[in-house]
1. Can you name the residue in region 89-99 that is in contact (Cβ under 8 Å) with a residue 24 or more places away in the chain and of a type outside the set (K, R) and is also farthest from N124 (Cα to Cα) among such residues?
2. What's the total number of residues in region 12-38 that are part of a helix (DSSP H, G or I), under 15 Å from G72 (Cα atoms) and either among the acidic types (D, E) or touching a Cys at 6+ places or on another chain (Cβ under 9 Å) (or both)?
3. Every residue in region 100-142 that is without any contact (Cβ under 8 Å) to a residue 40 or more places away in the chain, surrounded by 13 or more Cβ atoms within 10 Å (Cβ to Cβ) and closer than 24 Å to N27 by Cβ, please.
4. Of the residues that sit in region 73-110 and are among the polar types (S, T, N, Q) and over 23 Å from R47 (Cβ atoms), which one is farthest from the chain's Cα centre (by Cα)?
5. Is it the case that C80 is in contact (Cβ under 8 Å) with a residue 24 or more places away in the chain and in contact with a Cys (Cβ under 7 Å, 6 or more places away or on another chain)?
6. Please verify whether T71 is in contact (Cβ under 8 Å) with a residue 40 or more places away in the chain, of a type in the set (S, T, Y) and surrounded by fewer than 19 Cβ atoms within 10 Å (Cβ to Cβ), treating the condition exactly as stated.
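What follows draws every value from the coordinates through simple rules; no lab data is involved. Please read all numbers here as calculations on a predicted model, not as lab measurements. All Cβ positions, even for glycine, are placed from backbone atoms using ideal geometry, and neighbour counts span all protein chains on display.
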Amino acid sequence: MPDKMSWKECIEKRIITKITPDKERANKMLKMANIRLEFWSKEVDSRFVSLKVEAYYDIIKELIFTHMYKTGFNCTNHLCIIAYLKEKFQEFDFEIQKIDELRRIRNEINYRGFFVSTDYLERNKLEFKNIIKKLKEKINER
């Protein structure tokens, strides 16, 4: 499996497809993202840091899907949500790099039992929160 895919590849391989905008599904995804954010907003013991980092990825992923559903797109893999961001939010270059890093770390957690250091979370928590804020602003523009 490649580590990156382009918008063109995602469209040609029908990983990203055009759908009728689905505001109800978008609202459900947004609600779930908000519930996750509320749940994980508290400080956690160092042994739960990997789970919190994984949760930040899930929240961000759900917000991206919220935007996709509202604008009439569906996607069936995580590489193509990065391609979607690159196509639709060119001004998000730094944020896209951070989301992709978070995606790779989440994969390490899920598939290799990787433990994230408390230091990593502390260094990146504000950026994750900023990405969440910016994605919510993009969702509200529509």
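1. Residues of region 89-99 in contact (Cβ under 8 Å) with a residue 24 or more places away in the chain: 89, 92, 95, 98-99.
Still in the list and also of a type outside the set (K, R): 89, 92, 95, 99.
Values: F89: 21, F92: 16, E95: 11, I99: 11 Å.
Only one residue fits best here, namely F89.
2. 1
3. Across region 100-142, the qualifying residues are K129, N130.
4. In the first step, residues of region 73-110 are kept if they are among the polar types (S, T, N, Q); the result is 74, 76-77, 90, 97, 107, 110.
Filter once more, so that each one left must be over 23 Å from R47 (Cβ atoms): 74, 76-77, 90, 97.
Numbers: N74: 14, T76: 13, N77: 11, Q90: 16, Q97: 11 Å.
Among residues in region 73-110 that are among the polar types (S, T, N, Q) and over 23 Å from R47 (Cβ atoms), the one farthest from the chain's Cα centre (by Cα) is Q90.
5. On the way: in contact (Cβ under 8 Å) with a residue 24 or more places away in the chain: yes; in contact with a Cys (Cβ under 7 Å, 6 or more places away or on another chain): yes.
For C80, the condition - in contact (Cβ under 8 Å) with a residue 24 or more places away in the chain and in contact with a Cys (Cβ under 7 Å, 6 or more places away or on another chain) - is met.
6. Values: in contact (Cβ under 8 Å) with a residue 40 or more places away in the chain: yes; of a type in the set (S, T, Y): yes; surrounded by fewer than 19 Cβ atoms within 10 Å (Cβ to Cβ): yes.
When the stated conditions are applied, T71 passes them.
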